[in-house]
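Note sheet for the following structure.
The values are calculated or read from the model by the stated rules, or taken from the named source; none is laboratory data. Values in this document were obtained by computation on a predicted structure and should not be read as measured data. Quick reminder, even Gly has a Cβ in these numbers, built from the backbone with ideal geometry, and neighbours come from all protein chains shown.
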Amino acid sequence: MTPTTLGSISREHRRSYPTGIAVVDDQYRLTWPEFDDRINRAAHALQSVGVGAGDRVLWLGQTSFRVFELLGACAKLGAMVCPANWRQSGEEFAFVIDDFDPKVVVWQEEEIGDAVRAARKLTQRDPVWWQHDTEGEGSYEGSLAAQGTDDPWGPVDVTLPLLVIYTAAIGGKPNGSLLTHRNLLAMAHESSYLTRSTSDSVFLNSGPLFHIGNFQWDALAVYVQGGTNVFVRRVEAETVLEIITREGVTSAFLMPPTITQITQLYDPAEHDVSKLRGGAFTPLWNGLLAEDTTLWGSVPGGFGQTEVSGLAVVNGHGGRGIGNAGRPSPLVQVRIVDADGKEQPVGESGEIVIAGDVVHAGYWNRPDINASRMREGWWHTTDLGRREPDGTIHFLGTMTRMIKSAAENIYPVEVETCLEQHPAVREAALIGVPDPQFTQSVKAVVSLVDGAEVTADDLIEHCRQLIASYKKPRTVEFVSEIPKRGGAKDYDALDAQFGGGGYPGGDNVRA
């Protein structure tokens, strides 16, 4: 028996949709046969430099169809690919390179070339480097052009990791979540059901490919259904509106600030958004879009995390109930447990633990964390919830603190560690302050070394140099001492003193 893997999808689609458009990206407009040919060329190029089952490919670049090309190629080889956060600093890139130990790094010069070069000087690894936004020697395109298009047929285990997304900065450093073929196909079919994706669907990949959200809503759903994935290098409202009009986009990964800009730029004489559905954000389009009658559009929201392939519990199953997150998908089991792993009665709060086809294969190279989080076949989410009498799940909040800024998850310990590397800082604590546009903004509370002097702008710039810019504090408050409770930083006291709040939980859902 030959199981279906993600590599099987383009193999079959080239036969089933010979004239269908698979991807659109700037000057590239590829049919499924043309796209599968490129996937095969990429697979051979990777093989030529030693990539095989279990090996790793790292993408250091912005949104591009080449990420999906590499996903298809690695799928056929049993390898895995990681699209890293392109907003990171050179130090952060170097950490991922050293941690992930890729055989090949595909990188981009435009906008992030300086950070990549800085990482190359810092890393202890020696991968093959291919630049994707150039041609000739040392280029990604040159490496593909030298290869044939024959399909590298061979059995691939559906439980092998394929997509790796760095997330969950436990202990101050991020961890690579290993998503398998089975995980990604389960995610795609669930999303297809909720969004009614078909071969006529056109999805705009305007979200970051280092974030699970873009893959779930609706990149992989459209991919497995034989539709068209359109890619835009970075999100600029005017460009996005032009692409929606030109390509007849039916869905897109857009956040409220961009939607607001698009509605301000919209001109009915020039733009056409008639095919677009707004999903959870339809009301923000101010009447420009028709009502979204899909399950995701009519009852959006749910609970999930990267480690369970996106949203594992959604309101689209069984309609909106008492709980704010809905019910588990048919491929998911959920329990609410106490600290000893004992299931809690209905109405009692506890940790949300999940089993099923959506649970990832653990974090790359983190055996201790994996052992503590995956116990007796259940993934411990470190999120708090309860089962309601109608069977729905209510998400109460994270058991470890997290700040939500637009679509980004910011883990305080990572930024605190960065701040505390400054010679003037004795101790730092991070809180989230409600923000009407971005959900929360980041505020640092800092105590200084005796006699030291430093400004808020100095500390913000210090962070900007060492970590991704979106993580840096927007504001800094100076205190003589960080309040403590039980020997640990008292974040509740800091929230009360400096206006913190709006953390994921309550009527919000985690993604």
Identify all residues within the range 419-446 that are closer than 20 Å to Ala406 by Cβ and touching a residue at least 40 places away in the same chain (Cβ under 8 Å); write none if there are none. Leu430, Ile431, Gly432, Val433, Pro434, Asp435, Gln437, Phe438, Thr439, Gln440, Lys443
Pick from the range 340-358 the residues that are farther than 14 Å from Asp383 by Cβ and among the aliphatic types (A, V, I, L, M): which of them is surrounded by the most Cβ atoms within 10 Å (Cβ to Cβ)? Val358
From the list Ala115, Ala169, Ala186, Ala119, which one is closer than 30 Å to Lys404 by Cα, aliphatic (A, V, I, L, M), buried (at least 16 other Cβ atoms within 10 Å of the Cβ) and at pLDDT below 95? Ala169
Residue check: is Ser309 surrounded by 21 or more Cβ atoms within 10 Å (Cβ to Cβ) and in contact with an Asp or Glu (Cβ under 9 Å, 6 or more places away or on another chain)? yes
Meets criteria (in contact (Cβ under 8 Å) with a residue 12 or more places away in the chain and touching a Phe, Trp or Tyr at 6+ places or on another chain (Cβ under 6 Å)) for Glu408: yes
Go over the candidates Ser143, Ser177 one by one and state the one that is of a type outside the set (A, V, I, L, M), over 22 Å from the mean Cα position of the chain (by Cα) and either closer than 19 Å to Gly50 by Cα or outside the structural domain of Val313 (by TED's automatic domain parsing) (or both). Ser143
For the range 321-338, state whether one or more residues are over 20 Å from Phe303 (Cβ atoms) and touching a Ser or Thr at 6+ places or on another chain (Cβ under 6 Å). no
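Per-residue answers, yes or no, for (1) within 24 Å of Ser64 (Cα to Cα); (2) free of Cβ contacts under 8 Å to residues at least 24 places away in the same chain:
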position: Asn229; (1), (2): yes, no
position: Thr239; (1), (2): yes, yes
position: Met255; (1), (2): yes, no
position: Ile262; (1), (2): yes, no
position: Glu270; (1), (2): no, no
position: Leu276; (1), (2): yes, no
position: Thr282; (1), (2): no, yes
position: Asp292; (1), (2): no, yes
Going by what's in this entry, would Thr282 be described as within 25 Å of Ile393 (Cα to Cα), touching a helix residue (DSSP H, G or I) at 6+ places or on another chain (Cβ under 8 Å), among the hydroxyl-bearing types (Ser, Thr, Tyr) and modelled with pLDDT under 95? yes
Among (1) surrounded by fewer than 20 Cβ atoms within 10 Å (Cβ to Cβ); (2) over 29 Å from His181 (Cα atoms); (3) of a type in the set (Lys, Arg), which single condition is Arg387 missing? (1)
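Conditions tested, residue by residue: (1) in the same structural domain as Val81 (by TED's automatic domain parsing); (2) out of contact with any Gly (no Cβ under 6 Å at 6 or more places or on another chain).
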{"position": "Ser191", "(1), (2)": "yes, yes"}
{"position": "Ser201", "(1), (2)": "yes, no"}
{"position": "Gln264", "(1), (2)": "no, yes"}
{"position": "Gly279", "(1), (2)": "no, no"}
{"position": "Asp292", "(1), (2)": "no, no"}
Given the condition closer than 24 Å to Ile212 by Cβ and among the hydroxyl-bearing types (Ser, Thr, Tyr), answer yes or no: does some residue in the range 339-359 qualify? no
Meets criteria (under 22 Å from Gly213 (Cα atoms), of a type outside the set (D, E, K, R) and not assigned by TED's automatic domain parsing to the domain that holds Leu209) for Gly316: yes
Is one or more of the residues making up the range 196-207 within 25 Å of Asp55 (Cα to Cα), touching a residue at least 60 places away in the same chain (Cβ under 8 Å) and buried (at least 24 other Cβ atoms within 10 Å of the Cβ)? no
What are the residues in the range 9-21 that are within 25 Å of Asp157 (Cβ to Cβ) and either free of Cβ contacts under 8 Å to residues at least 40 places away in the same chain or in a strand (DSSP E or B) (or both), if any? Glu12, Arg14, Arg15
Looking at Ser89, is it buried (at least 18 other Cβ atoms within 10 Å of the Cβ), of a type in the set (Ser, Thr, Tyr) and either touching a strand residue (DSSP E or B) at 6+ places or on another chain (Cβ under 8 Å) or without any contact (Cβ under 8 Å) to a residue 40 or more places away in the chain (or both)? no
Checking the structure you have, find out if any residue of the range 113-127 is farther than 20 Å from Val49 by Cβ and out of contact with any Gly (no Cβ under 9 Å at 6 or more places or on another chain). yes
Kindly indicate the residue of the range 409-441 that is among the acidic types (Asp, Glu) and surrounded by fewer than 19 Cβ atoms within 10 Å (Cβ to Cβ) and also farthest from Glu348 (Cα to Cα) among those meeting that condition. Glu420
Subset of the range 22-42 [surrounded by 17 or more Cβ atoms within 10 Å (Cβ to Cβ) and either in a strand (DSSP E or B) or of a type in the set (S, T, N, Q) (or both)]: Ala22, Val23, Val24, Asp25, Leu30, Thr31, Asn40
Subset of the range 359-375, residues crowded, with 16+ Cβ neighbours inside 10 Å and either of a type in the set (Phe, Trp, Tyr) or not in a loop (DSSP other than H, G, I, E, B) (or both), comes to Tyr363, Trp364, Asn370, Arg373, Met374
